[in-house]
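Note sheet for the following structure.
The values are calculated or read from the model by the stated rules, or taken from the named source; none is laboratory data. As the structure is a computational prediction, the values presented were derived from the model and not from experiment. Neighbour counts are summed over all protein chains in view; Cβ atoms, including those assigned to glycine, are modelled from backbone coordinates with ideal geometry. Surface accessibility is based on the protein's heavy atoms, side chains included, excluding ligands, DNA and RNA. Shrake-Rupley method; radii C 1.70, N 1.55, O 1.52, S 1.80 Å.
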Amino acid sequence: MPFKAPESYALDRPEDAEPLNPHASDDESDDVDALDPLRGSKRAYRDDASAPSPSFHRAPLRWLDGQRSHGGFWTRLCIPSRFCCILVLIFFATLLLLLTAGGLWVYKSGTPSTGQSEPWYPAPLGGTSKPWQVSYEKAAKLVDQMTLPEKINVTTGTGWSMDLCVGNTGRVDRLGFPSLCLQDGPLGLRFVANATAWPAGITVGATWNKQLMHARGKALGLEARLKGIHVLLGPSMGPLGRLPAGGRNWEGFGADPVLQGYGAAETIRGIQESGVIATAKHYVGNEQEHFRQSWEWGTPNAISSQIDDRTLHEIYAWPFAESVRAGVGSVMCSYNQVNNSYACQNSKLLNGVLKDELGFQGFVQSDWLAQRSGVAAALAGLDMSMPGDGLIWQDGKALWGAELTRAALNGSVPMERLNDMVLRVVAAWYQLGQDDEEKWPSLKDGGKPNFSSWTDDEIGELHPGASNSQEMGVVNHFVDVRQTKEGGDHDELAREIAREGIVLVKNEPKTLPLSRNGSSLNSGAQDGKVRVGIFGEDAFSNPKGPNACADRGCNEGTLAMGWGSGAAEFPYLVSPAEALHASFDRQTVEITDWKTNDVKNVDGTAAAQDFCLVFISSDSGEGFISWNGVKGDRNDLFPQKGGDDLVKHVAGTCGGRDERGSPLGRTIVVLHTVGPTILERWIGHIGVHAVLIAHLPGEESGNALADIIFGDYYPSGHLPYTIAQRPEDYGPTSAILTTPNAIVPQQNFSEGLYFDYRWFDAQKITPRYPFGYGLSYTEFEISDVHLANHAQLNISPFPSARPNSSIAPPAISTQIPDPASALWPENLKRLKKYVYPYLTSPPQPPRSPPQQPPPHPLSPAGGAQGGNPDLYTTIATLRATITNTSPSTSGPPPQAVLQLYIYPPPTPLFSPSNPNKPITMPVKVLRNFAKVDVKSSRTVKLDVTRKDLSFWDVDAGQWVLPEGEFGIGVGWSAGEIEGEGMVIKKLGVKWTE
Ligand code: BGC
């Protein structure tokens, strides 16, 4: 049973690494700054080498003088002390030089001693938003009755693999508040049997279908609930896809904030409609796997993503804003640092942007071991520590747990902050109706799920991480959640999504769709049978099974999901070859399988076919797994395992060759991929007639592909990223940082807003296939485009004033409790390394509270979930008619994806708060889209909001709607130009005086 092998969880530091002392920085400290490990060293740098110590004096080095050569060879050999001394001296001199150089390097390129991220305190309180009011009221009643250890239990995980889910909070049995089960993930239920292996986020993004995004979320949520999962660790919207080779891009929805935003928000609405708390992750700037986490890559500190405020707002925080607007119950802060402050203790990001400006009402949980401090993280806005361990996996030295108890008792963490953490968690639980015993039968059992993450056996350990616990029980109930009365047939839904995520990028001359009996293909054979060859490992099942590699951490057999915590167990996987074998009419079609990527002798086999299908792939995943030299992030953007060579061989020889050497047979290429893949080595090949990019389709891979290949459905996927001609076309900052450039590796997001299509537009680079591109078997035309509100708009550059919340956060006692209430209860059987909230001895009496900085002013961009509600006021509505140019009466209708792009007024634009500072804008930005069935013709409406037209004004700390004439364009991809696919309407904006 390899898929739950313990080595798959070895996410962190090597075991022999020097342990860090988690308590060194937060124990009983009352100075926030002192708690930041990055700020530990405040000593001024002294260049000691320039100031020799007074005690230093030059000793006569007699053994260096000429006399030492007196005597013969043997004598010299007999005085090794001199020789050794020279060696030792040279050694130490070199060492000193190296250390000095290293020190200077660290000094020059290391972390600024003060950090760069603005402080934002105190943490805003939850419970200020109408849609959450009732839940907070209920939560307040419950939390008010909790003892200090009970409160701590709600905030802290019990430790890695101490209970059955990947994350488990402590329970409050006395009040019926369960241990919350937190489980991955964005694509399906990790470590869980009999659940659906859905298409990955990138495939869902490629559908451009908001209804399907929603439906998948709802189905995923239902499966989670039926397994007893309270908090689902998804969707993922960071990484966003800034770096095309980023290992985890595939977990999210595509390289654009708006596409990510819709994907995330619809998924969240779906998950939460099923009663499960969704998690918007990873907040924020976690764009690559290398150095994402302390020690995982050998560096003591995680990478810092240097993101300026405008880029943060307009790109990376955008999908999180949409998630909060959708009412998300939880946000996961990421491993990396942002502007040299860890994302899980970055007060500007958590307190400022997320809780104040975006009005987030749920709880912030740390990524697994992303928390790097105790008190500092609490004050900066972290609400839940996951999985509860400290700086090291399973060491029992939690940063919270008992340490948070101590910090609350000595006043380092004010009770108001602790209450707010607990309220946020409990309110989210009520908000999602998880107090309903009918829907949550596990409530009676303290919240236990009906599966175990740690074994596939029915009976297993209840606390596998605790070495002194042998407590066993039925842990896996194998509840099938794929077909239910409530949810219908999830396999069918998975197939539909996988199908709609397939992007047809080339089809010449109308090679696809194929007929099942081969009549659409030429047969050169005597027996009249059509010969079809299926080439490439990626078409076939992995003989060892689809779950053979732990967390899907290899690219073997057909690729249907990436690897890491974002992967799930396949209940089954229909390979493309299986589906093709089952679909072709075997009376008239003969199929030959070439199950590897080996090109030796492939030419002869290809030459014997009339038609060839070649399958290639490109895989990546989370950084704790490395496969074939791919350490999470891809090493390059080309197909893996010799895919390019295979295509060239097959396409060059399929069907034999005519007298000019051209192949007589046609070749279709199918690519399974985690993201942008360079196709240049063969895309123009005369033998390559059609190319399908099927992304990561999940369990129904083959069936979905067959649906498109045989024309049962029209292809309708569109690229959720740009495919370049050359890797360097993505820009100079698009490469993964693979060697540390400082003690805290620094990654500057210096391209700002300009990545993916925005970069290609700005640099006028022609991609191979633009963002949003995708063909159908029919063509569509746009006509009758109207823009409501296209008259001059007299409008304020700023949204209306931030509304004052009429709802006050619940007031519960902030009295520091009696320390005796936090001592170990008698007779409690302690599990080793399990995280408990109790203290051994009464802590020191409360200190005077630490001096608080003056409260940070509130952001004018805030005021409701997702930000100032006026940002979402519709400013214009575009209406367009889509016509199918070759309507057919049979079969399901084709689907068109209409995309709306904003062209900002021509520069120069200026900020109203700083008229000397010109504002640059991308050529265009995606702001809305719709996918519709178009049997013959169809009218579509797309709204444009104030935020869609605005830029983030750093000086004003506010969204600004620029003055001038906007273009509102609708077309089929970011590559269309006016008059050819893109229709642009004008929208004039004038500021009111
Ligand atoms: C990942 C998260 C995941 C967590 C729990 C971390 O390594 O970054 O996305 O939810 O593990 O498995």
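Amide H to amide H distances under 5 Å link Trp563 with Ser620, Gly621, Glu622, where only residues 5 or more positions off or on other chains count and H is placed in the peptide plane.
When all alpha carbon pairs of the stretch 458-567 are counted in 10 Å bins from zero, the resulting P(r) reads 10, 19, 30, 22, 10, 6, 3, 0 %. Cross-linked pairs Lys141/Lys829; Lys941/Lys985; Lys210/Lys941; Lys544/Lys641: Cα-Cα separations exceed 22 Å for Lys141/Lys829. Distance between the C-alpha centers of the stretch 854-898 and the stretch 945-976? Whole Å please. A separation of 13 Å, based on Cα centres.
Considering every Cα-Cα pair within the stretch 130-444, what fraction, in whole percent, is farther apart than 33 Å?
16 percent
Mind checking the per residue accessible area of the chain for me, 1.4 Å probe, whole number of Å²?
Working: 37650 Å² over 993 residues.
On a per-residue basis, 38 Å².
When Val134, Val630 are compared by accessible surface with a 1.4 Å probe, the order from highest to lowest is Val134, Val630. Local charge for Trp759 was computed over the other residues whose Cβ lies under 15 Å away, with Lys and Arg +1 and Asp and Glu -1, and equals -2.
Nearest-5 percent of antiparallel DSSP beta bridges in the chain?
Given both bridge residues lie in the chain, the antiparallel proportion sits at roughly 55 percent.
Rounded to the nearest 10 degrees, the inclination of helix 415-431 to the longest alpha-carbon principal axis of the chain is 30 degrees. Using only Cα atoms, find the angle between the long axis of helix 643-653 and the longest principal axis of the chain, and express it within 0 to 90 degrees, rounded to the nearest 10. Here the helix axis deviates by roughly 10 degrees. Sorting 503-510, 197-204 by average packing, meaning the other beta carbons within 10 Å per residue, from highest down gives 197-204, 503-510.
What is the percent of Cα-Cα separations in the stretch 495-725 that go past 23 Å?
Numbers: 11634 of 26565 pairs.
Cα-Cα pairs of the stretch 495-725 separated by over 23 Å account for 44 percent.
In this structure the amide hydrogen of Trp627, modeled in the peptide plane, comes within under 5 Å of the amide hydrogens of Gly632, none closer than 5 places in sequence on its chain.
Here the Karplus curve 6.51 cos²θ - 1.76 cosθ + 1.60, taken at θ = phi - 60°, turns the phi angles of the stretch 772-789 into couplings of x, 7, x, 9, 10, 7, 10, 10, 10, 10, 9, 9, 6, 7, 10, 10, 6, 6 Hz, with x standing for Gly and Pro. The string of couplings for the stretch 139-149 from the Karplus curve (6.51, -1.76, 1.60, θ = phi - 60°) is 4, 4, 4, 6, 5, 4, 8, 7, 6, 4, x Hz, one whole number per residue in order, with x for Gly and Pro. When a/c is below 1.5 the answer is rounded, else prolate if a/b is larger than b/c, else oblate, so apply that to the stretch 802-961 with a ≥ b ≥ c taken from the square roots of the Cα gyration tensor eigenvalues. Note, shape of the stretch 802-961 comes out oblate. Pairwise Cα distances in the stretch 751-837 exceed 16 Å for 83 percent of all pairs.
Electrostatic bookkeeping for His672 treats Lys and Arg as +1 and Asp and Glu as -1; over the other residues with beta carbon under 9 Å from its beta carbon, the sum is -2. Counting only DSSP beta bridges with both residues in the stretch 495-725, the antiparallel share comes to about 20 percent. Within the shell defined by Cβ-Cβ distances under 12 Å, the residues around Ser911 carry a net charge of -1, with Lys and Arg each +1 and Asp and Glu each -1. Helical runs assigned H by DSSP (4 residues or longer) give the chain a calculated mean residue ellipticity at 222 nm of -6000 deg cm²/dmol, each run adding -39500 (n - 2.57) before division by the residue total.
Using only alpha carbon pairs under 8 Å that are at least six residues apart, calculate the relative contact order of the stretch 363-469 and give it in whole percent. Working shown, then result.
Working: 92 pairs, mean separation 20.7, N = 107.
So the answer I get is 19 percent.
Computed from backbone phi with θ = phi - 60° and the Karplus coefficients 6.51, -1.76 and 1.60, the 3J(HN,Hα) list for the stretch 717-733 is x, 10, 5, x, 6, 8, 9, 7, 7, 9, x, 5, 5, 6, x, x, 9 Hz; x is used for glycine and proline.
For the chain, what is the charge dipole size about the Cα centre, in debye to the nearest 20, if Lys and Arg each add +1 at the Cβ and Asp and Glu each add -1 at the Cβ?
On the way: 86 positive and 109 negative charges, 278 e Å.
For this selection, approximately 1340 debye.
Here, the chain has an Rg and a Dmax of 30.4, 108 Å when only alpha carbons are counted. Peptides 590-596, 631-637, 394-400, 565-571 ranked from most to least packed, by the mean per-residue count of other Cβ atoms within 10 Å: 565-571, 394-400, 631-637, 590-596. Counting 0.36 nm for each residue step from Asp658 to Arg830 and taking away their Cα separation leaves a gain of 54.1 nm.
Step by step: find N for the stretch 828-907, compute 2.2 N^0.38 Å, then divide the Cα radius of gyration by it. What's the final number?
Working: Rg = 30.1 Å, N = 80, 2.2 N^0.38 = 11.6 Å.
Normalised Cα radius of gyration, the stretch 828-907: 2.58.
In this structure, the amide hydrogen of Gln306, modeled 1.01 Å from its nitrogen in the peptide plane, lies closer than 5 angstrom to those of Asn339, Gln747, Asn748, Phe749, counting only residues at least 5 positions away or on a different chain. Taking only Cα atoms, what is the 0 to 90° angle, nearest 10, from helix 490-500's long axis to the longest principal axis of the chain? Once rounded, the angle reads 70 degrees.
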